[in-house]
Amino acid sequence: MSKKNLDWSNIPFDYVVTDKRFESHWKEGAWDAGGLTDDPTMHLNECAQVLQYSQCCFEGLKAYETKEGNIVIFRPDLNAQRMYDSEKRLEIPPYDKDQFVDAVKTVVRANADWVPPYGSGASLYIRPFVIGSGIMIGVAPAPEFTFRIFSTPVGPYFKGGVRPISVMVADSDRAAPRGTGDIKAGLNYAMSLSTVMAAHRAGFDDCIYLDPATQTTIEEASGANIIFIDKDGGLVVPKSNSILPSVTRRSLVDMAKDTLGMKVTERVVRYDEIKDFAECGLCGTAAVIAPVYKITKGSDEIIYGSSSEITPVLAKMRKTLTDMQVGDIPAPEGWVVPVE
């Protein structure tokens with residue numbers, strides 16, 4: 001194995017064409033065995049269902065190199081389960097969960113030269129997705145589907161590296177109370193684009209959403225869950241039926257309880273109480289934890305720490321989880337999966 005010649009410590013969170021990707025097709029009632037392909041281009045009919053009615057879902061996970069030079073993936077079984085749940089909700093024939101994990105390993109193994117070296121702060125981002133690729137002009141599930149996984153080496157999700165960010169409270173809704181907010185459907189992210197771009201134009205890094213029913217409780221950000229640290233050092237996790245069940249959030253909850261001995265509370269969090277918390281962060285596969293130093297809602301501003309330094313509890317949580325991901329400290333059984 002010889003690494004690609006990249007400036008690994010300074011790569012952005014961006015798409016790079018790597019060597020191989022995996023593709024499988026569903027038609028006539030079954031998924032085929034699938035396999036690797038060199039071609040990064042997908043060929044679709046203009047009337048493919050995904051282009052007309054957005055029948056699609058996706059996942060995101062990462063592979064890392066350990067100090068010993070081994071390649072590992074973080075909790076792919078949870079991504080397999082979440083994609084299965086998304087597919088069921090969207091009338092997509094579910095891709096077998098064990099085959100999902102095997103396909104992820106196959107892609108990582110085939111692109112081993114693109115896995116950033118240990119200590120670079122970068123990782124190989126893996127994007128599995130499934131689309132309605134069959135022709136459909138009426139509103140109905142596609143007659144054929146395509147499952148594909150590609151990978152790309154990435155650095156920090158937010159520009160400027162790991163740093164405190166500022167967010168604004170959105171004036172629109174991300175998901176309905178009984179809608180698709182709890183699955184990883186592509187349409188959820190399309191819904192957030194106008195608000196995210198408005199936040200960027202206003203000088204913010206991201207936006208967060210309140211619940212659509214009452215506009216009084218915390219939901220999540222455009223592409224990440226939200227967590228808080230209370231003044232006693234406990235982890236507080238907003239709870240809602242329309243929040244995406246983040247793999248990173250679940251891992252942080254378990255790690256906080258079992259490794260760091262923190263008190264963890266998962267509950268409905270009112271917007272009017274977040275000023276009383278000591279720390280705030282966004283969490284997800286791409287960002288791991290992005291500490292938030294400022295939340296703005298109209299003329300109201302809530303400040304956590306400073307714009308130049310990560311608050312202490314979130315800093316400890318982030319380091320502990322990333323150390324587990326690259327094998328520097330032991331992780332719970334099954335969290336870190338080797339790619340042989």
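The values are calculated or read from the model by the stated rules, or taken from the named source; none is laboratory data. These numbers come from a predicted model, not from an experiment. FYI the Cβ positions are ideal-geometry reconstructions off the backbone, even for glycines, and counts take in every protein chain you see. Areas reflect the complete protein model, heavy atoms only, side chains present, ligands, DNA and RNA absent. Shrake-Rupley method; radii C 1.70, N 1.55, O 1.52, S 1.80 Å.
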- prompt: What aspartates and glutamates could a cross-link reach from Lys239, if we take a straight Cα to Cα line under 13 Å and drop same-chain neighbours fewer than 8 places away?
  reply: Asp182, Asp211, Glu219, Glu220, Glu266
field: the chain - share of DSSP beta bridges that are antiparallel (%, nearest 5)
entry: 85 percent
field: Average accessible area per residue (Å²) across the range 2-155 - probe 1.4 Å, nucleic acids and ligands excluded
entry: 45 Å²
- request: Provide the convex hull volume over Cα atoms per residue for the range 188-340, in Å³.
  value: 137 Å³
- prompt: Charges only on Cβ, +1 for Lys and Arg, -1 for Asp and Glu: so what's the dipole of the chain about the Cα centre, in debye to the nearest 20?
  reply: 440 debye
field: Hull volume in cubic angstrom per residue (convex hull over the Cα atoms of the range 112-204)
entry: 166 Å³
task: Give, to the nearest whole percent, the P(r) tail of the chain beyond 31 angstrom, counting all Cα pairs.
output: 34 percent
statement: In deg cm²/dmol, rounded to the nearest 500, the helical mean residue ellipticity at 222 nm of the chain, built from -39500 (n - 2.57) for every DSSP H run of length 4 or more, is -7000 deg cm²/dmol
query: So, how do all the Cα-to-Cα distances of the range 44-190 break down into 5 Å bins, in percent, from 0 on up?
result: 2, 9, 16, 16, 16, 16, 13, 8, 4, 1, 0
message: In the chain, once you exclude exposed trypsin sites (Lys or Arg not before Pro) (DSSP loop, at most 14 other Cβ within 10 angstrom), what's the longest stretch remaining?
response: 68-158
- request: With the full set of protein chains in place, find how many percent of the accessible area of the chain is carbon and sulfur; take the probe as 1.4 Å.
  value: 50 percent
- line: So, relative contact order of the chain in percent, Cα under 8 Å, 6 or more apart, is 19 percent
query: So which of Lys231/Lys263; Lys62/Lys184; Lys27/Lys62; Lys159/Lys319; Lys159/Lys231 end up more than 21 Å apart, counting from Cα to Cα?
result: Lys27/Lys62; Lys159/Lys231
task: Output the Cα-based Rg and Dmax of the range 268-327 in Å, rounding Rg to one decimal and Dmax to a whole number.
output: 13.0, 44
statement: Charge tally for neighbours of Ala221 with beta carbon under 10 Å away, counting Lys, Arg as +1 and Asp, Glu as -1, is -3
- request: Kindly provide log₁₀ I(q)/I(0) values, in the same order as q = 0.11, 0.15 Å⁻¹, from the Debye equation applied to equal alpha-carbon scatterers of the range 172-272.
  value: -0.35, -0.64
statement: The rounded separation in angstrom of the Cα centers of the range 221-273 and the range 89-158 is 27 Å
